[in-house]
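Report on one structure; see the data block that follows.
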């Protein structure tokens with residue numbers, strides 16, 4: 001927790017958090033504050049530039065670009081959050097449990113992780129959609145399964161050194177349960193590492209969501225998404241550069257903010273680990289005080 005508090009004092013982290021807060025707000029209320037219907041077509045105003053009635057212009061069907069961006073933010077961002085949430089549940093819990101549930105569970109978990117790491121994200125998501133139906137939830141759960149090995153390995157590696165720490169061994173000798181040890185002594189120390197991994201995984205998931213929706217997988221047109229807008233309007237780049245460029249800019253800004261936040265958390269953790277410990281009181285006392293104490297002792 002100290003690492004996370006130190007991260008909040010880093011200017012780069014504050015900027016990244018401000019950007020992500022704006023994106024999260026738009027993901028929640030973007031469809032509500034959209035000035036127009038994102039699906040409404042106006043064939044008399046096709047491929048127009050920014051104006052008073054359409055602040056970011058219109059696309060090739062006369063739909064308001066700003067309204068489609070705001071409405072599509074929720075699907076794009078919440079899809080990435082859903083996949084990373086599933087990956088954390090499927091990866092962190094088994095990663096920590098594998099250190100205490102015996103060699104059989106550990107061997108099976110490691111073999112499953114090795115098998116999942118060989119599968120490509122996009123092809124596995126398309127295959128899962130072909131089996132369970134074309135929907136964003138199916139695609140995101142499939143993506144979460146493939147991101148789970150990352151959380152498994154990171155949480156296991158972070159907890160492996162802590163398991164052999166003296167205070168953990170002392171807690172085991174005093175009869176503390178495994179659940180209490182995980183909650184009290186392990187989870188708090190592993191949290192900064194998981195926070196860095198989560199930020200990087202969100203960036204990866206957002207790019208994968210944009211790629212899937214660009215291909216028309218998960219969300220079918222005319223429902224707006226960042227990747228879907230980029231795909232549908234890319235053919236009209238010369239006539240209307242606003243429509244396809246803005247989704248790409250939003251993706252770049254969001255992914256950059258996530259990576260910037262992850263770097264700030266990692267650097268804060270490294271700085272906290274490199275900080276010298278406070279000197280003992282006896283070492284900080286002036287030399288004259290020590291001499292006086294020796295005289296009194298004599």
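Since every read-out is calculated from the coordinates, none of them should be taken as a lab result. Keep in mind it's a predicted model, so treat the numbers as computed, not measured. FYI the Cβ positions are ideal-geometry reconstructions off the backbone, even for glycines, and counts take in every protein chain you see.
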Measure off 7 Å from each Cα along the Cα-to-Cβ vector at residue 249 and residue 215, then give the distance between these two points in nanometres to one decimal.
2.9
Segment 24-165, convex hull of Cα, quarter of hull surface, nm² -> 12.0
At 20 °C and 1.002 mPa s, what whole-number value in µm²/s does Stokes-Einstein give for the translational diffusion of segment 202-259, with Rh from the Kirkwood sum over Cα pairs?
186
Across every pair of different alpha-carbon atoms, what Kirkwood hydrodynamic radius in Å does segment 12-97 reach?
15.0
Compute the relative contact order of segment 1-148 as a whole-number percentage, counting only Cα pairs closer than 8 Å that sit 6 or more residues apart in sequence.
20
Pairwise FRET efficiency - residue 39 versus residue 119, Cβ, R0 = 45 Å, nearest 0.05
0.80
